Every structure is written in structure tokens, then in C-alpha cells.
Amino acid sequence: MNHVDPLVKLFQQEEIIATQLDKDKDQHYDAAMIQSILIFALTYVLISGRRLNLIKIGRPAGVMLGAVLMVLAGVVRPEQTYRLVNWDTIVLLLGMMIITEHLAESGFFDKTAQWLNRRNHAPKALLAILVFGAGILSAFLVNDIVCIFFTPLLVILLRARKLPALPFLLALASAANIGGVMTLTGNPQNMIIGNLSGLSYREYFLLMLPVALLCLAVNYLLLLLIYRRELSTAAALPAPPPPVVTLERQPRLRRSLLVTGLVIVGFFAFHNLPWTAFAGAALLMVMCNRDEANLLRRIDWNLLLFFACLFVVTGALRVSGATALITDHAGRFLGNSPAALWLFGLVNLVASNIFGNVPYVLIIAESIQKMANPKLMWYCLAFSSTVAGNLTLLGSVANVIVAEKARDVHEMGFFDFLKFGLPTTLVTTAIGLGILSLYQTIGWL
């Protein structure tokens with residue numbers, strides 16, 4: 001009769017229990033992963049359905065539902081959700097919104113239109129000013145916000161001068177997208193990348209400035225080429241009467257410009273972008289010396305809510321282990337060669353248009369630290385996910401803003417945009433990835 005030592009028997013029982021617990025744990029994670037993927041897919045359908053006018057609920061409502069379902073399904077606990085939100089991005093975006101609203105209220109955008117109208121520019125010269133002006137402003141004031149304020153002014157200009165609307169509307173949208181490449185505050189996805197990666201604002205700006213300027217120049221040349229007939233027959237009619245910036249608003253304009261300049265300097269001098277922007281916003285609100293309720297009502301709280309809930313949805317996807325499936329395989333196919341850079345850039349280009357650039361950045365971000373050259377890939381992601389917005393009309397929020405606000409002068413269709421969007425996206429992507437490859441070769445990245 002075999003005698004089993006009680007201690008050995010105890011260890012065997014513990015091993016059996018541990019094995020069973022591991023199986024239960026694996027089953028729990030498998031179930032959570034499947035649930036998170038299904039909920040994410042539903043959320044994506046709700047967001048995309050709104051973009052395609054197939055579903056009549058707003059994007060914030062769709063992503064709020066996704067966040068609630070992640071909690072109800074047990075993928076994440078309620079207390080976890082607060083830790084999943086990247087508050088740095090929310091604070092940075094809120095600070096920039098407040099600063100931009102102060103600029104708008106003080107007459108900055110009207111003053112810019114007044115300067116633009118001072119001379120009777122020929123259509124091609126006006127197009128060049130629009131491309132480079134919108135691009136540079138978008139780098140520091142966020143591309144979506146620039147399009148919100150400049151599209152109505154552009155519509156007035158197009159009507160008064162009887163200019164062909166399509167090339168100018170495309171110029172504004174595409175230049176705003178490209179200009180966002182220039183800085184880590186140029187668009188929401190770059191803000192997220194800046195906060196997650198720890199990249200230096202100053203170094204990023206110095207390396208991406210020539211990329212953005214060259215892409216803006218190529219974008220302008222493609223507009224001239226594709227719309228040469230419309231632009232060559234357009235007459236340079238006298239400029240309309242410029243908007244008036246009253247004397248009452250001029251002190252506010254000076255204060256707003258001063259604080260905005262200090263914030264931009266702060267971006268270069270300090271590492272903490274969110275609180276630099278938030279401090280500037282707070283300073284403007286104090287200097288304004290009046291009730292800010294009306295200004296705060298104009299803040300796009302829907303967008304902030306959308307991002308907060310999106311962080312929860314994509315964070316839950318990560319907690320469930322679903323994004324690890326991408327992470328584990330991405331490093332195998334992407335080494336440290338120029339070919340890997342180009343492959344990753346093209347994947348970003350396509351995926352950003354399928355998922356949307358912000359959700360895609362949140363999903364893929366986890367895998368970058370496991371790649372051979374994370375810094376290079378962060379730059380690649382920031383560039384390619386941004387210029388991807390120029391591929392289709394639905395590729396970025398800036399495009400939709402321009403199309404909606406300019407509907408009275410031109411009903412911009414999907415293929416109207418694609419005719420220009422496809423060539424400019426492919427050419428600028430090739431230029432940008434080529435320069436990043438050069439930086440890699442000479443050891444800058």
C-alpha cells in the first residue's frame with residue numbers, strides 16, 4: 001500500500017487549486033477580451049454611423065454608451081475608469097480652447113481677415129496665403145479650432161470676390177491638417193502622443209518644421225495643378241469691406257496675443273504642456289476682469305466628453321488584453337530599418353481612416369514602446385496619423401467642419417474631396433516618411 005506524505009499531498013492539492021484558478025482567470029480574461037472587442041466594435045459603429053449620417057445620435061452619446069457598457073460588462077471597475085482617462089490631454093485641450101475663444105472674442109480672427117483683405121490679392125496668391133497661414137496657425141491653435149473660426153470668414157471672401165469655392169475650401173482643410181504635424185499641440189492626436197511619449201516639444205518642432213513646410217508647399221502646388229482651370233479663369237475682384245475690430249476690443253486683443261505668445265514660449269521652455277496651456281487660460285480669464293460665463297458656454301464640452309469616454313473605452317480594451325494581441329505581433333514585423341518605418345507609416349495611414357485617428361492612436365500607442373526604435377515610431381505615428389486626415393472627407397474633424405460651415409457656397413461631396421485628397425495624401429506621406437528615414441540614417445532619430 002502506497003503511503004503518501006501529508007505535506008506532499010497538501011502541495012499537490014494546492015497545485016491543483018492553483019491550476020484551476022489559473023484556468024478560471026484565463027477564462028475570465030478571455031471573456032473580458034471578447035466582451036471588450038464587441039463593445040468597442042459597437043462603439044465604433046455608433047461613431048462611424050454618425051460620421052456617415054446613418055445613425056442620428058451624436059458621437060459623445062455613442063462613446064458614452066461604450067464606456068458604460070465596459071463597466072456593466074465587468075471589463076473594468078467604476079473606480080478604474082477615472083485612471084484610464086488621460087487627464088493631461090483633456091487639460092491641454094481645454095486650455096487651448098479657452099485661449100482660442102479669448103482670441104476670437106478679442107477680434108484676432110477678424111483682424112486677420114482684415115489684413116488678408118487689405119490688398120487685392122490674385123486668386124493664386126490668396127490661395128498661397130490661405131495654405132501657409134492656416135497651416136502655421138493650426139500648429140499652435142489646434143487645426144479644428146482654426147477651421148471653426150476661419151471657414152465663415154473664407155465664405156464671405158469667396159462670395160464677395162466670386163472665387164471658385166472648392167479649391168479654397170480644400171486648401172483650408174488640408175493645410176490645417178498638415179500644419180498640425182508641426183507641433184505636439186497641432187491636433188488632438190498629437191496632444192495624446194506628446195503626453196504618452198514624453199517627446200520634447202522643442203526637438204519635435206525643430207525636426208518636423210521642415211517636414212510640415214515642405215508638405216504645405218507641395219499641397220499648394222497640387223491645388224494649382226488640379227484646379228488650374230478654375231483658378232486661371234477666376235477674376236481678382238475688389239476685396240469686400242473688412243470686419244471692424246473696435247477700439248474697445250483692441251486692449252483685449254493685445255492681452256490675448258501677449259498671453260498666447262507666452263504660452264507658446266512656455267511650450268518650448270517647459271516640459272509640462274497641459275499646465276502651461278492651462279496657466280495661460282487662467283491668466284487670460286483673470287486679466288479679462290469680467291464674467292466669463294458666456295465664453296465658457298462656447299467651449300466645445302462635447303469634444304472633451306467624447307475624448308474622456310473614448311479613453312475609457314480604449315483603456316478597457318487594453319486592460320482586457322485585447323490590444324496586447326496587436327502589441328505582441330507588431331514588434332516582430334517592425335524592426336529598425338527604413339522599410340519598417342514605411343510599413344508602419346502606411347498601416348497608420350489606412351488604419352487612421354478606418355478607426356479614426358484618435359481611437360487608432362490610443363490603440364496602437366501601447367505597442368510602440370516594444371518596437372526597436374520607439375522614438376522614431378512616435379514621430380512616424382504623429383506624422384502619418386495626421387496627414388491621413390487628408391485622404392477622405394471623413395478623415396478628420398477639420399474636413400467635416402469646413403464642409404458643413406461652407407455648405408452655402410459649395411456642397412462638398414465625398415468624391416470632390418477624394419479627387420484632391422488622394423494625391424496630396426500619398427505625395428505628402430512619401431515626403432514625410434522620406435525625411436524621417438533621412439533623420440534615422442544620420443542618427444537624429
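Since every read-out is calculated from the coordinates, none of them should be taken as a lab result. As the structure is a computational prediction, the values presented were derived from the model and not from experiment. FYI the Cβ positions are ideal-geometry reconstructions off the backbone, even for glycines, and counts take in every protein chain you see.
Going down the table (Lys56/Lys405; Lys162/Lys405; Lys56/Lys162), which pairs top 24 Å between alpha carbons?
Values: Lys56/Lys405 19 Å; Lys162/Lys405 18 Å; Lys56/Lys162 35 Å.
Beyond 24 Å between Cα atoms: Lys56/Lys162.
Per residue of region 31-39, what does 6.51 cos²θ - 1.76 cosθ + 1.60 with θ = phi - 60° give for ³J(HN,Hα)? Whole Hz please, x for Gly and Pro, Karplus curve as stated.
Along region 31-39, the couplings run 5, 5, 5, 5, 4, 5, 5, 5, 5 Hz.
In what sequence, highest mean first, do 184-196, 126-138 appear when ranked by Cβ atoms within 10 angstrom?
Descending mean neighbour count gives 184-196, 126-138.
At Ser232 and Trp301, where each label point lies 7 Å from the Cα along Cα→Cβ, what is the point-to-point distance in nanometres?
Result for the modelled spin labels: 5.4 nm.
Residue by residue through region 264-281, what is 3J(HN,Hα) from phi via Karplus (6.51 cos²θ - 1.76 cosθ + 1.60, θ = phi - 60°)? Round to whole Hz and write x for glycine and proline.
4, 4, x, 4, 6, 8, 10, 7, 8, 5, x, 7, 5, 5, 5, 5, x, 5
Ser200 to Leu426: extension gain in nm, 0.36 nm per residue of separation minus the Cα-Cα distance?
Gain on stretching Ser200 to Leu426: 78.6 nm.
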